[in-house]
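Single-structure report; data block below.
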Amino acid sequence: MRVVAVLLAALTVVASARSGEQTDRELSRLMVGAWRSPRHDYVYLADGTWWMGKPDPNGPEPRVTHGRWRIENHTLVTSTTCLGRELLSPWKEERYPIQKLTGTEIVYGGVYRMKRIGTRTRR
């Protein structure tokens, strides 16, 4: 009986800790917009596409590095197209666990960090 009580208490602690986590849907909503890394600017659109470059709402379609993105199990999943060709494995689809995602900052993949520079939801 004591073992059952301990197990129930442990499950309650785990469940309450997980209830504070953001859902993939919430993370996806937060991801949409323009971000600045130490090297480049990136724009993530609500339609699941992204590109590397300046966030100009009236600018041209991306021509160099762009692709698709989604958030799955608290992981940023991206595919990349460069100069009109999809990259081959192992770069075809990359997965980066998200450690932190707020309205102003993302930390992912253990070493990558970006700051929000604007919001963009239409193309």
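The values are calculated or read from the model by the stated rules, or taken from the named source; none is laboratory data. Quick caveat: nothing in here was measured; it's all calculated off a predicted structure. Note that each Cβ is placed from the backbone with ideal geometry, even for glycine, and that neighbours are counted across all protein chains shown.
Points worth noting:
- Residues being within 15 Å of T102 (Cβ to Cβ), among the acidic types (D, E) and assigned to a loop (DSSP other than H, G, I, E, B) - total across segment 19-49: 1
- When D56 is tested against (1) modelled with pLDDT under 90; (2) of a type in the set (D, E); (3) touching a Gly at 6+ places or on another chain (Cβ under 8 Å), exactly one condition is not met: (3).
- Boolean, D41 is closer than 17 Å to T104 by Cβ, modelled with pLDDT of 80 or more and of a type in the set (D, E): yes
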